[in-house]
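Asks: My structure is below; once you've seen it, I'll send some questions.
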Amino acid sequence: MGQALLNCGQGILSLSLPFLNRGRGFLDPRSRVPELWKPERQRGRLVHMHERAGTPATESDLIDVEALVRAYYEQQPDAAVPEQRVVFGTSGHRGSSFTTSFNEHHILAITQAVVDYRTAQGIAGPLFIGADTHGLSAPALTTALDVLVGNGVRALSDEFEDFVPTPALSHAILKWNNDPARRAQGEADGIIITPSHNPPQDGGIKYNPPHGGPADSDATSWIANRANELIASGLHEVNQAEPSGVDTYDFRGEYVADLENIIDFDAIRRAKIRIGADPLGGASVHYWDAIRDRYDLDLTVVNELVDPAWSFMTLDWDGKIRMDPSSPQAMASVLTRAGDYDILTGNDADADRHGIVTPDGGLMNPNHFLAVAIEYLFGHRGGWRKDAAVGKTLVSSSMVDRVAHHLRRRLWEVPVGFKWFVPGLLDGSVGFGGEESAGASFLRFDGTVWTTDKDGILLCLLASEIRAVTGRSPSELYGELVERFGDPAYERTDAVATPAQKAALGKLTADEIGATELAGEPITAKLSHAPGNDAAIGGVKVQTADAWFAARPSGTEDVYKIYAESFKGPEHLAKVQAEAKVVVGQALSGSRST
């Protein structure tokens with residue numbers, strides 16, 4: 001592994017960490033201060049905007065990467081302390097070495113637990129493994145490889161010691177398992193080391209089983225429990241060995257070469273679409289160059305810098321550095337280039353999320369782009385099954401519902417979490433699966449699976465295809481949807497809740513909601529299970545003809561989240577939100593709303 005230079009805001013530090021920077025230098029965040037509009041809403045969420053939101057990070061905002069890595073090795077978690085235990089959320093285990101929630105002992109235990117799990121499941125093929133650009137990802141990758149090799153697992157890491165986007169890992173797993181000759185050697189699975197768009201001090205690790213997508217709760221619970229047992233027992237059952245001679249895989253080459261089977265590059269070339277791509281310092285940084293060269297596109301990587309302190313970022317809505325491509329504040333420097341390209345895009349650190357910027361509309365709301373993508377794809381993918389459904393999470397915009405109805409396609413509505421889309425994407429019964437948090441994937445031209453995890457690179461390329469084929473920007477196309485189906489007002493707010501109330505909300509049933517009206521409209525549906533797969537949603541959703549709200553407990557704070565939308569405008573939305581708190585409050589207190 002080569003030397004890497006890290007800009008920590010305290011000079012340039014030389015550390016022996018793989019995959020970082022690759023000699024491209026760093027951007028002085030003070031060299032360009034964009035004029036910034038500061039909205040009160042962040043991706044449809046009402047927030048208290050930090051006074052410096054959208055402004056360039058300064059030295060005082062940056063983490064000490066050397067100290068972060070030192071803490072990874074020096075601090076040891078106590079499994080008896082809840083905050084230091086392994087906990088798998090919807091996207092794996094996340095934490096920071098500074099808070100003793102993501103340290104070497106965690107990765108040793110989690111990787112051994114994954115080995116034990118795959119052994120119990122009879123998974124005998126290779127394990128694909130990759131990491132993103134966070135400062136903790138490189139040391140965690142080294143730790144994980146030690147354990148995999150120590151257990152005799154054939155680990156496949158990147159051939160060029162490059163970063164690996166989450167969709168490239170999912171693609172690799174599926175490519176292996178869909179090849180009969182390779183599958184005969186044993187099914188493959190994978191580990192991706194990333195906390196996604198989280199701040200620079202965070203680390204994350206996620207397990208993807210042979211279906212290529214996020215592991216379900218049965219698997220993650222087993223892995224987390226086993227990992228905590230290993231930590232509590234002093235890691236005596238963890239096997240380690242020096243990872244010499246680890247096998248490799250060309251994640252980038254295989255992924256990029258296969259894109260021609262899902263994106264119409266000929267149309268993009270013919271239309272001479274000018275594309276700008278900003279990886280936001282993430283794992284897609286070298287993929288965009290490869291895509292440009294292979295498909296001869298007018299594509300510019302507007303920022304090739306990789307810095308684990310993310311010194312070139314602008315601060316997100318809460319004043320933190322966060323690589324969220326759907327945030328106007330995090331994307332502020334990108335937005336200054338909006339007029340230079342027909343389509344300008346952003347990705348988060350592991351490239352599973354997308355941000356779409358158009359010259360006429362700026363940064364698109366993720367809900368808006370999902371609706372446009374769905375209408376376009378189901379009208380331009382003749383090789384898909386005629387009964388292929390439109391997949392969405394319950395908290396995504398009902399504009400998707402109206403588009404699906406217009407297309408005469410079945411709407412497949414599932415709980416929050418991309419794992420729910422996996423079965424439908426695998427067998428082609430779901431053509432598109434998308435989340436309101438800017439994550440989605442869809443099928444190849446022939447209707448077969450592409451990835452079963454979110455693919456931000458793919459959705460960014462789709463925006464260029466849409467622009468090329470229709471002659472209109474995705475923003476223009478969303479305006480046409482509004483003219484046909486109405487203009488929804490969408491927002492997420494938080495309400496204070498005790499741990500006991502959160503637990504009760506997670507178990508609330510539709511029968512416990514006694515209301516018959518919401519904001520002056522008859523209630524048409526009360527849901528505690530998703531209509532698409534009858535899985536519990538961990539809360540409730542209440543619908544009328546023109547509005548809805550969903551309430552779910554937060555996994556990290558003493559609040560519950562209220563997602564709400566109205567096709568009758570912001571004033572009606574406010575009534576929906578106010579009544580939602582009353583309805584939920586009365587249900588939690590044991591009384592029935594009337």
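Asks: Take the stretch 509-526 and flag every residue that is of a type in the set (A, V, I, L, M), surrounded by fewer than 20 Cβ atoms within 10 Å (Cβ to Cβ) and touching a residue at least 40 places away in the same chain (Cβ under 8 Å).
Replies: Of the stretch 509-526, the ones of a type in the set (A, V, I, L, M) are 510, 513, 515, 518-519, 523, 525.
Among the residues that remain, those that are also surrounded by fewer than 20 Cβ atoms within 10 Å (Cβ to Cβ) are: 510, 515, 523, 525.
Matches in the stretch 509-526: ALA515 only.
Yes/no matrix, rows are residues, columns are (1) without any contact (Cβ under 8 Å) to a residue 12 or more places away in the chain; (2) in contact with a helix residue (DSSP H, G or I) (Cβ under 8 Å, 6 or more places away or on another chain); (3) among the hydroxyl-bearing types (Ser, Thr, Tyr); (4) buried (at least 16 other Cβ atoms within 10 Å of the Cβ):
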residue: GLU242; (1), (2), (3), (4): no, yes, no, no
residue: GLU254; (1), (2), (3), (4): no, yes, no, no
residue: ALA257; (1), (2), (3), (4): no, yes, no, no
residue: ASP266; (1), (2), (3), (4): yes, no, no, no
residue: LYS272; (1), (2), (3), (4): no, no, no, no
residue: ILE275; (1), (2), (3), (4): no, yes, no, yes
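Asks: State whether the residues of the stretch 340-356 include one that is assigned to a loop (DSSP other than H, G, I, E, B) and aliphatic (A, V, I, L, M). Walk me through it before giving the result.
Replies: Quick first cut of the stretch 340-356, residues assigned to a loop (DSSP other than H, G, I, E, B) only: 341-342, 348-353.
Next, only the ones that are aliphatic (A, V, I, L, M) stay: 349, 351.
Yes, some residue in the stretch 340-356 is assigned to a loop (DSSP other than H, G, I, E, B) and aliphatic (A, V, I, L, M).
Asks: For GLY204, all conditions in the list (1) closer than 20 Å to VAL449 by Cβ; (2) outside any helix (DSSP H, G or I) hold save one; what is the number of the exception?
Replies: The number of the failed condition is (1).
Asks: Take ILE191 and tell me if it is among the aliphatic types (A, V, I, L, M), in contact with a Gly (Cβ under 9 Å, 6 or more places away or on another chain), within 18 Å of TYR117 (Cα to Cα) and outside any loop (DSSP other than H, G, I, E, B).
Replies: yes
Asks: Among what's in the stretch 39-53 and is out of contact with any Asp or Glu (no Cβ under 9 Å at 6 or more places or on another chain) and of a type in the set (D, E, K, R), pick the residue that is modelled with the highest pLDDT.
Replies: Only one residue tops the list, namely GLU51.
Asks: Would you point out the residue of the stretch 536-577, among those that are surrounded by fewer than 24 Cβ atoms within 10 Å (Cβ to Cβ), among the small types (Gly, Ala, Ser) and touching a helix residue (DSSP H, G or I) at 6+ places or on another chain (Cβ under 8 Å), that is modelled with the highest pLDDT?
Replies: Going through the qualifying residues, I end up with GLY538.
Asks: Of all residues in the stretch 54-79, which are among the small types (Gly, Ala, Ser) and modelled with pLDDT of 95 or more?
Replies: Keep residues of the stretch 54-79 that are among the small types (Gly, Ala, Ser), which gives 54, 57, 60, 67, 71, 79.
Listed by number, the residues that qualify are GLY54, ALA57, SER60, ALA67, ALA71.
Asks: Let me ask something else. So which residues in the stretch 276-307 are in a strand (DSSP E or B) and within 22 Å of the chain's Cα centre (by Cα)?
Replies: Residues of the stretch 276-307 in a strand (DSSP E or B): 276-278, 298-301.
Matches in the stretch 276-307: GLY276, ALA277, ASP278, VAL301.
Asks: Here is a further query. Given the structure, is GLY186 of a type outside the set (Ser, Thr, Tyr), within 28 Å of TYR295 (Cα to Cα), part of a loop (DSSP other than H, G, I, E, B) and not assigned by TED's automatic domain parsing to the domain that holds GLY319?
Replies: Values: of a type outside the set (Ser, Thr, Tyr): yes; within 28 Å of TYR295 (Cα to Cα): no; part of a loop (DSSP other than H, G, I, E, B): yes; not assigned by TED's automatic domain parsing to the domain that holds GLY319: yes.
It is false that GLY186 is of a type outside the set (Ser, Thr, Tyr), within 28 Å of TYR295 (Cα to Cα), part of a loop (DSSP other than H, G, I, E, B) and not assigned by TED's automatic domain parsing to the domain that holds GLY319.
Asks: Additional query: Mind listing whichever residues of the stretch 488-508 are loosely packed, with under 15 Cβ neighbours inside 10 Å and not in a loop (DSSP other than H, G, I, E, B)? Even if it seems obvious, please write down each step before you answer.
Replies: The first filter runs over the stretch 488-508 and keeps only residues loosely packed, with under 15 Cβ neighbours inside 10 Å, leaving 496, 498-500, 503, 507.
Passing the criteria: VAL496, PRO499, ALA500, ALA503.
Asks: Here's a check for you: in the stretch 330-353, which residue that is more than 17 Å from ILE291 (Cβ to Cβ) and hydrophobic (A, V, I, L, M, F, W, C) is surrounded by the most Cβ atoms within 10 Å (Cβ to Cβ)?
Replies: Among those that are more than 17 Å from ILE291 (Cβ to Cβ) and hydrophobic (A, V, I, L, M, F, W, C), it is ALA349.
The values are calculated or read from the model by the stated rules, or taken from the named source; none is laboratory data. In this text, all values refer to a predicted model and were calculated from it rather than measured experimentally. Cβ: placed from backbone, ideal geometry, glycine included. Neighbour counts: every protein chain shown.
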